[in-house]
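Asks: The structure under discussion is supplied below as structure tokens; questions concerning it will follow.
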Amino acid sequence: MPDAVFSALPTTVFEEMSGLARALGAINLGQGFPDDPGPEALRRKAAEAVLSGYNQYPPMAGLPELRQAVARHYGRAQGLDLDPMTEVTVTSGATEALAAAFLALIEPGDEVIVFQPVYDAYLPLIRRAGGVPRLVTLNPPDWRFTRALLEAAITPRTRFVVLNNPVNPTGLVLPEDDLALLAEICVAHDLTAICDEVWEQVVFTPAAHRPLIAFPGMRERCVKIGSAGKMFGLTGWKVGFLCAAPALSRVLARAHQFLTFTTPPNLQAAVAFGLDEPGDWFEAMPRTLAASQTRLAEALRREGFAVLPSQGTYFLNVDLAASGVAMSDREFALLAVREAGVAAIPVSALYERDPATTILRLCFAKADATLDEGAARLARARDLALRR
Ligand code: PMP
Ligand code: GLN
């Protein structure tokens, strides 16, 4: 029943776990956000923009200076050639960009291929737009899809595939071969790809992000979504980008104009500044995060946890079963936040069916002391679990 899509939903696991962490005073390694305030130069720029102008409605598709900066950035970082005026729309975060793409493009009954574990917003929004999700289940430890898995999900009604890469929650950065396979299948079956690439700048050497839109045949059939929140570690800013060929962009803008119409202009101005004058931010930020990831992974391994590899995002995962814990991820996460003072995300919450039930996602975008204490508290939770 379409009208049960939202009323039947629980509160998203990110809010649930952050709410518990706040109520219980726990360390929060759950929801993905850095514990620092973000780059000072951008915050100053935003403050100046609030004080010196930029407080009335900007153009619906975004400040021209930001659209130009986005096109230039993707030219430099990913070799893309986007026209700022006909191919870039500024949205209120990637979440709005996703909603706009689903509402604008999906016709009732269209089938949409979605990989699970799945970012929590996709399925409710796709269903509300009238789409029928076709789930492709990915499993630890490698979380890869295959030609057989993709082809089994395709029917004559399939029109879209939603790809998140780099992947939240798995920390995978899809290799070139997998992207080439997906592009080939999109072209062969006339599918449009909606690509959530919010983590594109949070990738650790030697992994490298390749946008699906750059693969053969994808330039006209890809919607590329980005987020300044993730690029600059300012997750509350909610400045997103929708990039697509003009025919798609025109339709996307129709949905955006009635969702939020515009996005705070002062933040747009600051993001434009950050993209045009990033200094060494795009090298330093992933380097710092990679060091944090290593720190947390090593602390957890010393405590006996089985840590899965992560090539990007703010997240690493531990396999509880391989760490000797017999509890499900959700039971362990509740025990950890209530009795050991540390919040995490049970990855089973990001499956609609047949979940992996032993994987716990941890956010490492935190100060060293927080990571060290978080690992110690997770070890305490493991000791408690072993005694149950
Ligand atoms: N997609 C993915 C995969 C995400 O991880 C997030 C947030 N972390 C979003 C979308 C939402 O981005 P925004 O905050 O820009 O709406
Ligand atoms: N994307 C963030 C995460 O994965 C959460 C964003 C949200 O709470 N909606 O933790």
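Asks: Can you give me the distance in nm between label points at Ala291 and Glu220, each placed 7 Å from the Cα along the Cα-to-Cβ direction?
Replies: Between Ala291 and Glu220, the simple spin-label model gives 4.8 nm.
Asks: Send over a whole-number figure in Å² for the accessible area per residue of the chain, probe 1.4 Å.
Replies: Accessible area per residue: 41 Å².
Asks: Next question. Testing the spin-label approximation: label points 7 Å from Cα along Cα→Cβ at Ala208 and Val187. State their distance in nm.
Replies: 2.0
Asks: Tell me, what is the FRET efficiency for Arg144 and Glu40 to the nearest 0.05, using R0 = 45 angstrom and their Cβ-Cβ distance as r?
Replies: So the FRET efficiency works out to roughly 0.70.
Asks: If each of Leu51 and Thr12 carries a label point 7 Å out from its Cα toward its Cβ, how far apart are those two points in nm?
Replies: 3.3
Asks: List the residues, sorted by chain then number, that are 5 or more residues from Ala343 or on another chain and whose placed amide H is less than 5 Å from its amide H.
Replies: Residues meeting the criterion, in which the H sits 1.01 Å from N, are Ile27, Asn28, Leu29, Gly30.
Asks: Quick check: the distance between the Cα centres of segment 52-107 and segment 150-198, to the nearest angstrom?
Replies: So the two Cα centres are separated by 22 Å.
Asks: Based only on the alpha carbon positions, what is the Kirkwood hydrodynamic radius of segment 232-320, in angstrom?
Replies: Final number for the Kirkwood radius of segment 232-320 is 16.6 Å.
Asks: First check a/c for segment 90-232, with a ≥ b ≥ c the square roots of the eigenvalues of its C-alpha gyration tensor; if it is under 1.5, answer rounded, and if not, answer prolate when a/b is larger than b/c or oblate otherwise. Walk me through the numbers on the way to the answer.
Replies: Working: a/c = 1.44, a/b = 1.13, b/c = 1.28.
Verdict is rounded for segment 90-232.
Asks: Still on this structure, I have one more. With charges only on Cβ, +1 for K and R and -1 for D and E, what is the dipole size of the chain about its Cα centre, in debye, rounded to 20?
Replies: 460
Asks: Something else: For the chain, give the percent of accessible area contributed by carbon and sulfur heavy atoms, probe 1.4 Å, rounded to a whole number.
Replies: 54
Asks: Just subtract the alpha-carbon distance of Thr86 and Ala284 from 0.36 nm times their residue separation and send over the number in nm, one decimal.
Replies: 68.1 nm
Asks: Given axes a ≥ b ≥ c from the Cα gyration tensor, I'd like to know whether the chain is rounded (a/c under 1.5), prolate (a/b larger than b/c) or oblate.
Replies: Taking the square roots of the gyration eigenvalues as a ≥ b ≥ c, the chain is oblate.
Asks: What percent antiparallel are the DSSP beta bridges of the chain, to the nearest 5?
Replies: Expressed as a percentage, antiparallel bridges in the chain total about 45.
Asks: Based on DSSP H runs of at least 4 residues, each adding -39500 (n - 2.57), what is the mean residue ellipticity at 222 nm of the chain after dividing by all its residues, to the nearest 500 deg cm²/dmol?
Replies: -13000 deg cm²/dmol, from helical runs alone.
Asks: Moving to a separate point now. Can you classify segment 1-104 as rounded, prolate or oblate using the Cα gyration tensor, where a ≥ b ≥ c are the square roots of its eigenvalues, rounded means a/c under 1.5, and otherwise it's prolate if a/b beats b/c and oblate if not?
Replies: oblate
Asks: For Gln116, which sequence-distant residues (separation of 5 or more, or a different chain) have an amide H within less than 5 Å of its own amide H, given hydrogens modelled in the peptide plane?
Replies: HN-HN under 5 Å from Gln116: Val136, Thr137, Leu138.
The values are calculated or read from the model by the stated rules, or taken from the named source; none is laboratory data. Since the structure is predicted, the reported quantities are computational estimates derived from the model, not experimental observations. For neighbour counting, all protein chains shown are included, and Cβ atoms are generated from backbone atoms with ideal geometry for every residue, glycine included. Only protein heavy atoms, including side chains, enter the accessible area calculation; ligands, DNA and RNA are left aside. Shrake-Rupley method; radii C 1.70, N 1.55, O 1.52, S 1.80 Å.
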